[in-house]
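Here's the structure, in structure tokens; my notes come after.
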Amino acid sequence: MLATKEAVIFGAGSVGRGFLGQLFCESGYRVTFVDLDRPLLEALDRRGEYKLRLVTNDSCEELTVGPVGAVHAGDLARVAEAVGRAEIGATAVGANVLKHIAPAVAAGVRRRAELGNTRPLNLIVCENLKGAAAIFRDLVRDALAAEERAFLGEHVGFVDTVIARMVPAPTPEMRAQDPSLIVVEPYKELPVDAAGFIGEPPQIAGMRPYSPFSFFTERKLYVHNAGHALLAYLGYLGGYEYGYQALADEDIYYQARGAMEESARALVRKYRPPPGALLANIDDLLSRFANRALGDSVLRLGRDPLRKLGRTDRLVGAALNALTVDVIPTNLVTGIAAGLYFDSKTDPPAQELQAKLRSRGLAATLAEVCGLTPGEPLFEMVVERCGKMGKQRGGVW
């Protein structure tokens with residue numbers, strides 16, 4: 001397809017290149033990636049395209065995605081020009097990086113005003129952060145002068161989404177073969193918050209605007225991410241290397257499924273989706289989790305337990321939701337306890353968590369990391385489950 005429109009994507013990694021680039025290019029856009037990875041940027045810019053490999057347990061299809069270009073994030077003038085001319089954009093950089101790219105986006109907004117470009121620019125904010133679009137909008141706004149902020153409010157939309165396509169990080173062998181190659185699952189749906197757009201949402205392949213959007217945010221975090229966390233932490237304790245290996249363990253399978261169903265029961269009470277919709281979603285997710293060709297490791301799925309065990313995050317948040325509708329979160333509690341025992345030496349946050357547990361004890365760590373305090377039912381359930389798990393493991397802390 002001949003591209004006649006411009007798009008800009010901050011982040012040329014798993015989500016940016018592995019998902020958004022495909023959707024935008026298929027929709028007739030030329031995509032400019034903004035990143036710091038010079039070998040990757042050089043490969044993208046030299047070829048003007050890249051390879052996307054879609055894999056399942058039974059098939060492998062290779063696509064060529066283009067036209068694309070690339071700009072180093074440090075080249076502020078070129079980044080601002082790309083933002084200044086774009087008709088759609090996205091961020092896929094990691095929540096902690098948003099503050100670093102906000103000045104570049106602000107420079108692009110300033111450039112749009114200089115060009116007299118009043119066409120809407122909608123930025124899809126693809127970060128694992130609740131309310132990411134509003135947070136990023138405020139960061140960009142703060143980087144603009146007071147007289148420039150009206151232009152931002154009138155012409156730039158910030159749109160929340162949830163990313164459900166599974167894209168493992170490329171291996172060193174893949175990078176050596178082709179730094180731009182990326183392997184993904186075929187899943188191709190991008191739900192977005194319809195209320196975040198300025199003007200009408202553009203026609204993007206796979207993009208589905210919804211309102212209200214909070215159901216999709218909670219479904220991703222408390223069903224999809226919670227299921228992955230169970231696989232990671234129980235799989236790690238079971239000695240498995242990959243998520244699909246953990247899923248093949250019957251005990252882990254039923255605990256992961258049980259946790260997802262506990263969370264789903266709370267979402268059914270809150271949002272009243274069509275009957276059976278969430279169970280169908282769980283069936284689909286478990287089938288996709290079993291994709292051996294992705295080679296998704298339990299270490300990647302479980303990394304950063306300090307964040308993933310937070311009070312509003314995938315496990316503790318899901319368990320608290322369940323308790324509000326009188327669902328006993330037995331399996332979610334098992335996942336929380338297993339996460340507390342996640343001590344991978346390759347993950348600094350996991351090591352920091354273990355240091356807290358050894359020096360401060362379980363109760364203080366639950367308060368600091370999970371936001372749980374004595375007297376809360378979930379606190380008592382987690383303490384009891386950790387005690388049983390500790391006896392099985394011969395004690396840790």
Exception for P305 within (1) within 19 Å of K130 (Cα to Cα); (2) surrounded by fewer than 19 Cβ atoms within 10 Å (Cβ to Cβ) falls at (2)
All conditions in (1) touching a residue at least 24 places away in the same chain (Cβ under 8 Å); (2) out of contact with any Gly (no Cβ under 8 Å at 6 or more places or on another chain); (3) among the aromatic types (F, W, Y) are true of Y210 except (1)
Of (1) touching a residue at least 24 places away in the same chain (Cβ under 8 Å); (2) in contact with an Asp or Glu (Cβ under 9 Å, 6 or more places away or on another chain); (3) surrounded by fewer than 17 Cβ atoms within 10 Å (Cβ to Cβ), T64 satisfies every one except (1)
What residue, among those in the stretch 28-62 that are of a type in the set (D, E) and under 21 Å from the mean Cα position of the chain (by Cα), is nearest to T171 (Cα to Cα)?
-> D37
The stretch 67-81, subset in contact (Cβ under 8 Å) with a residue 40 or more places away in the chain and touching a Gly at 6+ places or on another chain (Cβ under 7 Å), residue surrounded by the fewest Cβ atoms within 10 Å (Cβ to Cβ) = P67
Can you tell me which residue within the stretch 322-332, out of those that are touching an Asp or Glu at 6+ places or on another chain (Cβ under 8 Å) and part of a helix (DSSP H, G or I), is surrounded by the most Cβ atoms within 10 Å (Cβ to Cβ)?
-> L332
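Yes or no: P273 at pLDDT below 95 and either surrounded by fewer than 17 Cβ atoms within 10 Å (Cβ to Cβ) or over 20 Å from R303 (Cα atoms) (or both)?
Answer is yes for this residue.
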So which residues in the stretch 333-359 are surrounded by 15 or more Cβ atoms within 10 Å (Cβ to Cβ) and either touching a Ser or Thr at 6+ places or on another chain (Cβ under 7 Å) or among the charged types (D, E, K, R) (or both), if there are any at all?
-> D343, D347, A350, K356, L357
Among the numbered conditions (1) within 26 Å of S180 (Cβ to Cβ); (2) in contact with a helix residue (DSSP H, G or I) (Cβ under 7 Å, 6 or more places away or on another chain); (3) part of a helix (DSSP H, G or I); (4) not hydroxyl-bearing (S, T, Y), tell me where I101 comes up short.
-> (2)
Within the stretch 300-349, track down each residue that is under 22 Å from the mean Cα position of the chain (by Cα) and on the phi > 0 side of the Ramachandran plot.
-> D304
Regarding R314, is this residue within 16 Å of Y222 (Cβ to Cβ), at pLDDT 95 or above and of a type in the set (K, R)?
-> yes
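The values are calculated or read from the model by the stated rules, or taken from the named source; none is laboratory data. It should be emphasised that the depicted structure is a prediction, and the values quoted were computed from it without experimental measurement. So basically every Cβ, Gly included, is an ideal-geometry build from the backbone, and we count neighbours across all protein chains shown.
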